[in-house]
Amino acid sequence: MQLPPLVQTFVLHFGEMGSRWGINRTVGQIYALLFVAERPFNADEIVERLGVSRSNVSMGLKELQAWNLVRLQHRPGDRRDYFTTPEDIWQIVRTLVEERKKREVDPTLTLLRELLMQDAATEEERHAQERLKEMHDLFELFAGWYADVRRLETERLVQLLTLGAKVQKVLEMKDRLTRLPGRIGGRASKPD
């Protein structure tokens with residue numbers, strides 16, 4: 001690798017983490033390099049800096065493009081493709097979450113729905129469907145929550161994330177308010 005020590009440490013670490021996230025180590029390294037780069041790089045520059053084969057770089061860039069994690073740029077008078085990552089870290093996170101949802105959560109929800117619609121022929125299948133229903137409901141809850149959260153402006157999302165455990169206090173306050181005298185189960189009682 002032909003990188004400054006700080007950059008090399010980050011690139012190597014990201015490659016290792018990439019393999020734990022289910023992507024090729026080289027793909028992780030390419031992404032890390034582009035993320036910290038001051039300018040877009042072409043494939044040959046990536047090969048030179050990472051010391052990996054041109055074919056690995058080409059495949060890695062295609063995978064990153066499929067995930068919508070890199071942007072293709074062109075320069076006047078230069079036929080080569082240049083690659084960069086989005087500047088906004090929150091856009092990167094949103095893209096990652098959306099892509100993982102499309103690739104992992106949505107197919108799982110589809111399968112769970114199909115399995116729950118089948119007639120259970122045995123007690124074992126009925127038991128399995130009960131468990132699958134629990135999983136389905138949890139995935140649907142997360143999918144609904146995600147649909148709400150993804151519409152939040154970045155500033156609001158940061159506020160939500162910085163609340164942390166304070167959310168529990170907000171929920172406790174809501175519970176106290178819904179139990180005020182004259183209220184039954186969160187609804188105002190009718191006068192006699």
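The values are calculated or read from the model by the stated rules, or taken from the named source; none is laboratory data. Computed from a predicted model, the values in this text were never measured in an experiment. Neighbour counts are summed over all protein chains in view; Cβ atoms, including those assigned to glycine, are modelled from backbone coordinates with ideal geometry. What goes into the accessible areas is simple: the full protein's heavy atoms, side chains included, and nothing from ligands, DNA or RNA. Shrake-Rupley method; radii C 1.70, N 1.55, O 1.52, S 1.80 Å.
Quick notes
- Taken together, the residues in segment 152-166 that are in contact with a Leu (Cβ under 8 Å, 6 or more places away or on another chain) and either in contact (Cβ under 8 Å) with a residue 24 or more places away in the chain or in a helix (DSSP H, G or I) (or both) amount to 1.
- The lone exception for T122 - which of (1) within 28 Å of E155 (Cβ to Cβ); (2) among the hydroxyl-bearing types (S, T, Y); (3) over 21 Å from the mean Cα position of the chain (by Cα) it fails: (1)
- Residue list for segment 46-65, filter: charged (D, E, K, R) and crowded, with 18+ Cβ neighbours inside 10 Å: R49
- All conditions but one from (1) more than 22 Å from V36 (Cα to Cα); (2) in contact with a strand residue (DSSP E or B) (Cβ under 7 Å, 6 or more places away or on another chain) apply to R103; the one that does not is (2).
- In the condition set (1) of a type in the set (V, I, T); (2) touching a helix residue (DSSP H, G or I) at 6+ places or on another chain (Cβ under 6 Å); (3) surrounded by fewer than 18 Cβ atoms within 10 Å (Cβ to Cβ), V93 is compliant with all but (2).
- Which listed residue is open to solvent by 90 Å² or more (accessible area, probe 1.4 Å), outside the structural domain of F35 (by TED's automatic domain parsing) and within 26 Å of G22 (Cα to Cα), from R126, R103: R103
- Residue that is least open to solvent (accessible area, probe 1.4 Å) [pool: residues in segment 106-123 that are within 30 Å of I23 (Cα to Cα) and of a type in the set (S, T, N, Q)]: T108
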